[in-house]
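Accompanying notes for the structure given below.
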Amino acid sequence: MDMQSFLEGRILDAARVDDVAQYIESGDVECIRGIQDGKCMRCLNEDRAYFYTFHCAVCNGACTYCRKCIQLGRVSSCTTLIRWRGQRTERPTNHTLVPLHLSDAQERASDELIDSLTARRNHLLHAVCGAGKTEILFQPVLHALQQQQRVCIATPRTDVVLELYPRLQQAFPNTFVQALYGGADVEQRFSPLIVATTHQLLRFEAAFDVIIVDEADAFPYTYDAMLQRAVNKAKTSEAPVAFVTATPSDKLLAQCKKERWGYSFLPRRYHGHLLPVPRIVVVRRLQKQLAQSKLPKALHDWLQQRLTKREPFLLFLPTIALIEQCLPLIQSVVPQVEAVHAEDEERKEKVLKLRGGELQGLVTSTILERGITITNVQVAVVCADDAIFDAGALVQISGRVGRHKQYASGDIAFFAESITIAMDAAIADIKRLNTVVV
Ligand SMILES: [Zn+2]
Ligand SMILES: [Zn+2]
């Protein structure tokens, strides 16, 4: 029974499902070919550049597989996918939400989102870093669950899934919440509330009555048409989508306006203080000095200040190579520092160590640009003029500072050889938000 309800709304490789024959026989699922008429039936890719033909040992012949969604395991011409065709299972109704303390602005945005979802209208929740956007989602999610709707909160970043999952479990004590990301341990039973990476949505079809895309502007979602298709495929045709972000692209804002979505704007943090404005520190020959294992004086002084004041810090760098090169230099000033990046399996533990005070600082790639809250954290972006730091990333990184009521300000410094358009735009955007009258 658990397995049958688990299959609802999913599209999976038949070879990976136990006792699949009984579900085919009962008509709960139908079998389809993985690749049909030049189209991958899981990710809907039709671009021939992403298909690769090889000699397959399974079907003993020329077989074509889709490289576009290979991250989730190979789908080829001889793969059988099973697609849910059964009835909607009985949905639980006993959901509860622990009491929340929302500011007036949060309360208003929450009500606006409920209105949009009830009217099955898309919605853009535009809330500055630290506005408390996750709490804004709770009442709308509860409202949908109580209507026996199935809800998915999707985000491009695994780190954001890991941050949201325990908060959702805590907020909805009577609801079975499921977290889906690469390598997650998946309990095979029905969940009315799923928090997943956008990639994982490829394993669903017409499953959700509401999808909330958190950090909608984050890489790779914005750049990858496949992930946008994944959202559309995973929801029912009438299901509304809510986009949540601190840094909406012009394209998203234009689409919101043109298609008359609901829109909520929160220009202030939940504690009411202004966003910290970044300062630029121009350092001549910055890259070269670092490459020669020299710590520029300005950066040395910045680290020395953190040490003296015993402040936790995040130091962002553009590449893994630079992170590895700079780590010993930084440790020579502040010993309790470690490095993290996208491929680091201990990332979660290191963030916890920083939070717990075991570490004083982390040297990081853009992987920690969002979803992370550390009390009294100070932030430096080194080589802020690198192309990887676009305006959105710099706003997100700056948004790590001053999130706590008792530590509502802090230092955010951009160390760079020159001032890029992105740096200017990020600072202008933050200043503009601070002048919005609320
Ligand atoms: Zn595919
Ligand atoms: Zn084959």
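The values are calculated or read from the model by the stated rules, or taken from the named source; none is laboratory data. This one's a predicted model, so the numbers in the text were calculated from it and none came from an experiment. When we count neighbours, we look across all protein chains shown, and the Cβ atoms used for this are built from the backbone with ideal geometry, even at glycine.
Could you say which residue among Pro99, Pro92 is without any contact (Cβ under 8 Å) to a residue 60 or more places away in the chain and more than 16 Å from ligand 2 (Cβ to nearest atom)?
So the residue among Pro99, Pro92 that is without any contact (Cβ under 8 Å) to a residue 60 or more places away in the chain and more than 16 Å from ligand 2 (Cβ to nearest atom) is Pro99.
Condition check ((1) touching a Cys at 6+ places or on another chain (Cβ under 8 Å); (2) under 17 Å from Leu266 (Cα atoms); (3) surrounded by 22 or more Cβ atoms within 10 Å (Cβ to Cβ)) across all residues:
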position	(1), (2), (3)
Asp390	no, no, no
Ala393	no, no, yes
Ile397	no, no, yes
Gly402	no, yes, yes
Gly410	no, no, no
Ala416	yes, no, no
Thr420	no, no, no
Val436	no, yes, no
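Using beta carbons and a limit of 6 Å, which pairs, at least six apart or on different chains, have the first residue in the stretch 150-179 and over 13 Å from Thr134 (Cα atoms) and assigned by TED's automatic domain parsing to the domain that holds Val210 and the second one part of a helix (DSSP H, G or I) and hydrophobic (A, V, I, L, M, F, W, C)?
Going by the 6 Å Cβ cut-off, the qualifying pairs are Val151/Val141; Val151/Ala144; Val177/Leu168; Ala179/Val161.
Check off (1) in a helix (DSSP H, G or I); (2) within 21 Å of Asn94 (Cα to Cα); (3) touching a Phe, Trp or Tyr at 6+ places or on another chain (Cβ under 7 Å); (4) not hydrophobic (A, V, I, L, M, F, W, C) for Gln200 and give me the number that stays unchecked.
(2)
Does at least one position in the stretch 225-234 carry a residue that is assigned to a strand (DSSP E or B) and either surrounded by fewer than 16 Cβ atoms within 10 Å (Cβ to Cβ) or of a type in the set (D, E, K, R) (or both)?
no
Just one of (1) in contact with a Pro (Cβ under 6 Å, 6 or more places away or on another chain); (2) part of a helix (DSSP H, G or I); (3) surrounded by fewer than 22 Cβ atoms within 10 Å (Cβ to Cβ) trips up Arg120, so point out which.
Arg120 satisfies all of (1) in contact with a Pro (Cβ under 6 Å, 6 or more places away or on another chain); (2) part of a helix (DSSP H, G or I); (3) surrounded by fewer than 22 Cβ atoms within 10 Å (Cβ to Cβ) except (2).
Gln149 fails exactly one of the following numbered conditions: (1) of a type in the set (S, T, N, Q); (2) surrounded by fewer than 21 Cβ atoms within 10 Å (Cβ to Cβ); (3) within 24 Å of Gly272 (Cβ to Cβ). What is the number of that condition?
So the condition that Gln149 fails would be (3).
Tell me, yes or no, whether the stretch 405-425 has at least one residue that is touching a Gly at 6+ places or on another chain (Cβ under 9 Å), closer than 28 Å to Arg167 by Cβ and modelled with pLDDT of 95 or more.
The answer is yes, given that some residue of the stretch 405-425 is touching a Gly at 6+ places or on another chain (Cβ under 9 Å), closer than 28 Å to Arg167 by Cβ and modelled with pLDDT of 95 or more.
If we only count strands (runs of 3 or more DSSP E) wholly inside the stretch 239-351, which ones have 2 or more residues that are touching a Gly at 6+ places or on another chain (Cβ under 9 Å) and aliphatic (A, V, I, L, M)?
313-316
Within the stretch 50-68, how many residues turn out to be within 15 Å of ligand 1 (Cβ to nearest atom), surrounded by fewer than 18 Cβ atoms within 10 Å (Cβ to Cβ) and part of a loop (DSSP other than H, G, I, E, B)?
Total meeting the criteria: 1.
If you go through the stretch 29-41 one residue at a time, do you hit one that is in contact with a Cys (Cβ under 6 Å, 6 or more places away or on another chain), surrounded by 11 or more Cβ atoms within 10 Å (Cβ to Cβ) and either among the β-branched types (Val, Ile, Thr) or modelled with pLDDT of 95 or more (or both)?
yes
To keep it simple, each residue is scored yes or no on (1) without any contact (Cβ under 8 Å) to a residue 12 or more places away in the chain; (2) within 11 Å of ligand 2 (Cβ to nearest atom); (3) closer than 23 Å to Phe204 by Cβ.
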| residue | (1), (2), (3) |
| --- | --- |
| Gly34 | no, yes, yes |
| Asp37 | yes, no, yes |
| Asp47 | no, no, yes |
| Cys69 | no, no, yes |
| Gly73 | no, no, yes |
| Ser77 | no, yes, yes |
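If you check Gly371, Gly356, Gly361, which single one turns out to be outside the structural domain of Gly130 (by TED's automatic domain parsing) and without any contact (Cβ under 8 Å) to a residue 12 or more places away in the chain?
Unique residue meeting the criteria: Gly356.
Given the structure, is Val195 crowded, with 16+ Cβ neighbours inside 10 Å, in contact with a Phe, Trp or Tyr (Cβ under 8 Å, 6 or more places away or on another chain) and not in a strand (DSSP E or B)?
Considered against the rule, which asks whether it is crowded, with 16+ Cβ neighbours inside 10 Å, in contact with a Phe, Trp or Tyr (Cβ under 8 Å, 6 or more places away or on another chain) and not in a strand (DSSP E or B), Val195 comes out as no.
How many of the residues making up the stretch 403-422 are under 20 Å from Leu303 (Cβ atoms) and either of a type in the set (Phe, Trp, Tyr) or in a loop (DSSP other than H, G, I, E, B) (or both)?
Of the residues in that region, 7 qualify.
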